[in-house]
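Quick notes on the structure that follows.
The values are calculated or read from the model by the stated rules, or taken from the named source; none is laboratory data. Remember, predicted model here, so these are calculated numbers, not experimental data. Neighbour counts run over all protein chains shown; Cβ positions are idealised from the backbone, glycine included. Keep in mind that these areas ignore ligands, DNA and RNA; they rest on the heavy atoms of the full protein, side chains included. Shrake-Rupley method; radii C 1.70, N 1.55, O 1.52, S 1.80 Å.
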Amino acid sequence: NNKIIFVKSLGSLKYFNAVNNCHFVMGNTSSGIIEVASFNKFFLNIGSRQEGREISKNTISVSANCDEIIKGVLKIEKKINKNIKFTNVYYRKDALIRIKEKILKIIKE
């Protein structure tokens, strides 16, 4: 299928560009749970590797089973068609400013 591409590693910039331009992300990566919601994209979490993490409403978790993965993709397709919106549970307002302030405080100590 020429609509599916498998890549071992894109690096940060290409990865974020790909997330921004795809319909959804699937895999077993923490990035799917932590960062993909900030792009207002869905994430199909496959397997138990991320079990126990807090997840946003963009994440659908399935076992590493072909039938379950297909069901998960179909659920995401329905949600995309309904234009469902969500927020990232890991988003923190002014995070960059707060991080900078903490670093400056450590440097001054």
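On the beta carbon distance between GLU54 and ASN28, with R0 = 22 Å, the FRET formula returns roughly 0.85.
Between SER38 and ALA95, full extension at 0.36 nm per residue minus the direct alpha carbon distance yields a gain of 19.2 nm. Projecting the Cα atoms of ILE103, LEU44, ILE33 onto the charge dipole of the chain, computed from C-beta unit charges around the Cα centre, puts ILE103 farthest toward the positive end.
Excluding ligands, DNA and RNA, the accessible surface per residue across the stretch 1-45 is 70 Å² with a 1.4 Å probe. Phi angles of the stretch 91-105 translate, via the Karplus equation with coefficients 6.51, -1.76, 1.60 and θ = phi - 60°, into HN-Hα couplings of 5, 10, 4, 6, 4, 4, 5, 5, 5, 4, 4, 5, 4, 4, 5 Hz per residue; Gly and Pro are given as x.
By the gyration tensor of its Cα atoms, with a ≥ b ≥ c the square roots of the eigenvalues, what is the shape of the stretch 15-83: rounded for a/c under 1.5, prolate for a/b over b/c, or oblate? It comes out oblate by the Cα gyration axes.
Modelled label positions at ASP67 and ASN20, each set 7 Å beyond Cα in the direction of Cβ, lie 4.1 nm from each other.
Computed extension gain for ASN1 through GLU77, at 0.36 nm per residue and net of the alpha carbon distance, reaches 25.6 nm.
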